[in-house]
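Student: Please find one structure pasted underneath; my questions will follow.
The values are calculated or read from the model by the stated rules, or taken from the named source; none is laboratory data. Keep in mind that this is a model prediction, so the values were computed, not measured. Note that each Cβ is placed from the backbone with ideal geometry, even for glycine, and that neighbours are counted across all protein chains shown. Remember, those area values only see protein heavy atoms, side chains included, never the ligands or the DNA or RNA. Shrake-Rupley method; radii C 1.70, N 1.55, O 1.52, S 1.80 Å.
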Amino acid sequence: MTEYRFIMDSWTFNKISGAVLGTLLLVLTLSNLSGILFHVEKPSKDKPGYLIAVAEAETPEGGETPVEAKPIGVLLASADAANGMKQFGACKSCHQPQKGGANGTGPALWDIVERPKASAAAFAYSEGLKAMSADKWTYENLNTFLIAPKAYVKGTKMAFGGIKNEAKRADLIAYLASLSDAPKPFPPAQ
């Protein structure tokens, strides 16, 4: 009986070792070369993540949004609060809808309609919203704010881009209006 054994001679071992080491050298060289060609700012330890620069849209003086909105009474006439509850799913990560709900990343939204702006207790509002504290969250103000929060309140901390779809926005506002012991009546559809 003939017994076959695989015996690796030094030449075969050298070829395998050379291929592995050559591959590692190539990977390291490409990594260093890409680091030279493409500079990436590393995030600091106190603020994790990367800053994404986004140009803010130019708005007229006073912070009004350039988007033309239908009157809120017309939008709310066909709004569905049940659909608004589904829309609110995206808001839940920052806002609490329950009565007595705690502030999160954003203020609690129970009884938000006709509540003074920047009035949730123990919440750190942006300077832009604090400057509006004499005003209330009317249906019209909520509608304009939800179109484009950053256009409505300069320097807002809210990172939400807005709801451009009128029906979805009206549904959400109808849901927000329902978050009250005594919901405020909708404005007339004109």
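Student: Given the conditions (1) touching a residue at least 40 places away in the same chain (Cβ under 8 Å); (2) open to solvent by 20 Å² or more (accessible area, probe 1.4 Å), and given that Leu176 satisfies all but one, which numbered condition is not satisfied?
Tutor: So the condition that Leu176 fails would be (2).
Student: Now a separate question. Any chance the stretch 140-151 includes a residue that's over 25 Å from Ala182 (Cβ atoms), open to solvent by 20 Å² or more (accessible area, probe 1.4 Å) and without any contact (Cβ under 8 Å) to a residue 60 or more places away in the chain?
Tutor: No, that holds for no residue.
Student: When the residues of the stretch 101-111 are narrowed to those that are under 20 Å from the mean Cα position of the chain (by Cα) and in contact (Cβ under 8 Å) with a residue 12 or more places away in the chain, which ends up most open to solvent (accessible area, probe 1.4 Å)?
Tutor: Per the stated criteria, the residue is Thr105.
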